[in-house]
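The values are calculated or read from the model by the stated rules, or taken from the named source; none is laboratory data. The structure presented is a predicted model; accordingly, all values stated were derived computationally and were not measured. Cβ sites come from the backbone with ideal geometry, for glycine too, and all protein chains shown count toward neighbours.
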Amino acid sequence: MDRPHVSESATGKWTHPDEYVAAMARKRTARRKREPKARPTQGGSPRFSLSTLPYLALIASLAVLTVAIAVAAFPGTQPLPRVQVAAHQPGVAEKGWLENAEREFHH
């Protein structure tokens, strides 16, 4: 593809897409060269016993604790409260008590 020849100055050269991409690639290569090399202890996948196992143990212990609390708090294992029912005693009301109660209610 033939592009129009605008200006070959240093300021106008970077505006062409292929020169811009090439400059970005050179910049990336230079940055990678400056970065320190990865040590053998860095990277890779972490060991299961140090990363995931403690969390699984914590979740399992919390699940066991939850079940133990639910079993201990279940109403069937609690003693029934003793309710004392008063013996039924027939009583005698004064004459006119209903009328007095209705008068007090409407005041």
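Quick one: A93 ticks every box in (1) part of a loop (DSSP other than H, G, I, E, B); (2) surrounded by 10 or more Cβ atoms within 10 Å (Cβ to Cβ) except a single one, so which number is it?
The number of the failed condition is (2).
How many residues does the stretch 51-90 contain that are of a type outside the set (V, I, T) and in a loop (DSSP other than H, G, I, E, B)?
Summing the residues that are of a type outside the set (V, I, T) and in a loop (DSSP other than H, G, I, E, B) in the stretch 51-90 gives 12.
So for the stretch 55-78 (the condition being of a type in the set (V, I, T) and modelled with pLDDT under 80), does at least one residue qualify?
Looking for residues that are of a type in the set (V, I, T) and modelled with pLDDT under 80, one finds at least one in the stretch 55-78, hence yes.
If you check T15 against the conditions, is it polar (S, T, N, Q), in a loop (DSSP other than H, G, I, E, B), surrounded by 10 or more Cβ atoms within 10 Å (Cβ to Cβ) and modelled with pLDDT under 75?
yes
R32: over 25 Å from the mean Cα position of the chain (by Cα), modelled with pLDDT under 90, surrounded by 10 or more Cβ atoms within 10 Å (Cβ to Cβ) and assigned to a helix (DSSP H, G or I), yes or no?
Here the answer is no, as R32 does not meet what is asked.
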